[in-house]
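The values are calculated or read from the model by the stated rules, or taken from the named source; none is laboratory data. This is a predicted model, so every value here is computed, not measured. Cβ sites come from the backbone with ideal geometry, for glycine too, and all protein chains shown count toward neighbours.
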């Protein structure tokens, strides 16, 4: 029987108090914990900075870190649904979409200058064609590895079998060069600059004239479809992180340099600065991605690494970045 009074629950009273006091209300719905993958070479360092910046926590986002030597391993984790988000270049993304429906939610950086072919200094090799009959360390299945075997080597007149591909993680290649167990490496920063600075290697080319190598933030379609609010909040954090890269590069460099020194790398700040300067960080969603992705996909299809050219309307999700930017 009603007595004419409206009884307030504790939750309703607290909510009213928050509004009355002008305090910020929490998110309308709980945001999902993000399983974030990233590679421990220079390509993954913008993501590493984001994780350490505190920007995610400010928006109520929780995350778990999954660090691996290269992005194609993150892609494989995502295809297996062990990781929700991760960064890698176009070739790994296209393969991931083919194998597991992976989608792009943003472009984070361009890294064409960081990918290089580095030869042992004592061999005095000067061009890619000199690698005939040589042992070449390559992270097989990675974006840089695929571009080397499918594009760069053939352009230099090298066919499969003309050189011995030695499968190896990128973080082990410099020591293999020093031990003279390989003659050259297809690698990324900071390992190229380390090899050059220590007098072990000579860089004979970078990828920038062949491929600008955009690095994407990719996501599993399951995570995007089930947690659009989490994805949009996450992309807002990237927009804030972009300001740090532009306006406070010293702060960014300190965080990333500390990561590599904590892993036992003994490179100088000068060597590190050269490596980091080759990464062009500019998070966004360019409108002209399809033509270059189409070319990459055609090469992968020709080499039988994918079963079909992706439907770019399904593989690319620019509306999420647009919503985060609104």
Among (1) farther than 22 Å from residue 229 by Cβ; (2) in contact with a helix residue (DSSP H, G or I) (Cβ under 8 Å, 6 or more places away or on another chain); (3) modelled with pLDDT under 95, there is one condition residue 21 misses while meeting the rest; what is its number? (2)
In region 235-269, how many residues are in contact (Cβ under 8 Å) with a residue 40 or more places away in the chain and part of a helix (DSSP H, G or I)? 15
Residue 38 is checked against (1) closer than 24 Å to residue 164 by Cβ; (2) not in a helix (DSSP H, G or I) and fails just one. What number does that condition carry? (1)
If I go through region 197-219 residue by residue, how many of them are over 19 Å from residue 46 (Cα atoms), surrounded by fewer than 24 Cβ atoms within 10 Å (Cβ to Cβ) and touching a helix residue (DSSP H, G or I) at 6+ places or on another chain (Cβ under 8 Å)? 10
Output the residues belonging to region 110-126 that are within 14 Å of the chain's Cα centre (by Cα) and either under 16 Å from residue 223 (Cα atoms) or surrounded by fewer than 24 Cβ atoms within 10 Å (Cβ to Cβ) (or both). 110, 112
Qualifying residue in region 91-109 (condition: buried (at least 17 other Cβ atoms within 10 Å of the Cβ), at pLDDT below 95 and assigned to a loop (DSSP other than H, G, I, E, B)): no
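With the condition kept exactly as written, say whether any residue in region 163-171 is over 28 Å from the mean Cα position of the chain (by Cα), over 29 Å from residue 292 (Cα atoms) and outside any helix (DSSP H, G or I). Before the answer, list the steps.
Our first condition is that a residue be over 28 Å from the mean Cα position of the chain (by Cα); within region 163-171, this holds for 163.
After this cut, where a residue has to be over 29 Å from residue 292 (Cα atoms) as well, the list is none.
Within region 163-171 (the criterion being over 28 Å from the mean Cα position of the chain (by Cα), over 29 Å from residue 292 (Cα atoms) and outside any helix (DSSP H, G or I)), the answer is no, since none of the residues qualifies.
Say whether the condition of being free of Cβ contacts under 8 Å to residues at least 40 places away in the same chain, in contact with a strand residue (DSSP E or B) (Cβ under 9 Å, 6 or more places away or on another chain) and either assigned by TED's automatic domain parsing to the domain that holds residue 40 or under 26 Å from residue 42 (Cα atoms) (or both) is met by at least one residue in region 308-318.
Start the filter on region 308-318 by keeping residues that are free of Cβ contacts under 8 Å to residues at least 40 places away in the same chain, which leaves 309, 311-313, 318.
With the extra rule that they be in contact with a strand residue (DSSP E or B) (Cβ under 9 Å, 6 or more places away or on another chain), the set shrinks to 318.
Filter once more, keeping what is either assigned by TED's automatic domain parsing to the domain that holds residue 40 or under 26 Å from residue 42 (Cα atoms) (or both): 318.
Yes: region 308-318 contains one or more residues that are free of Cβ contacts under 8 Å to residues at least 40 places away in the same chain, in contact with a strand residue (DSSP E or B) (Cβ under 9 Å, 6 or more places away or on another chain) and either assigned by TED's automatic domain parsing to the domain that holds residue 40 or under 26 Å from residue 42 (Cα atoms) (or both).
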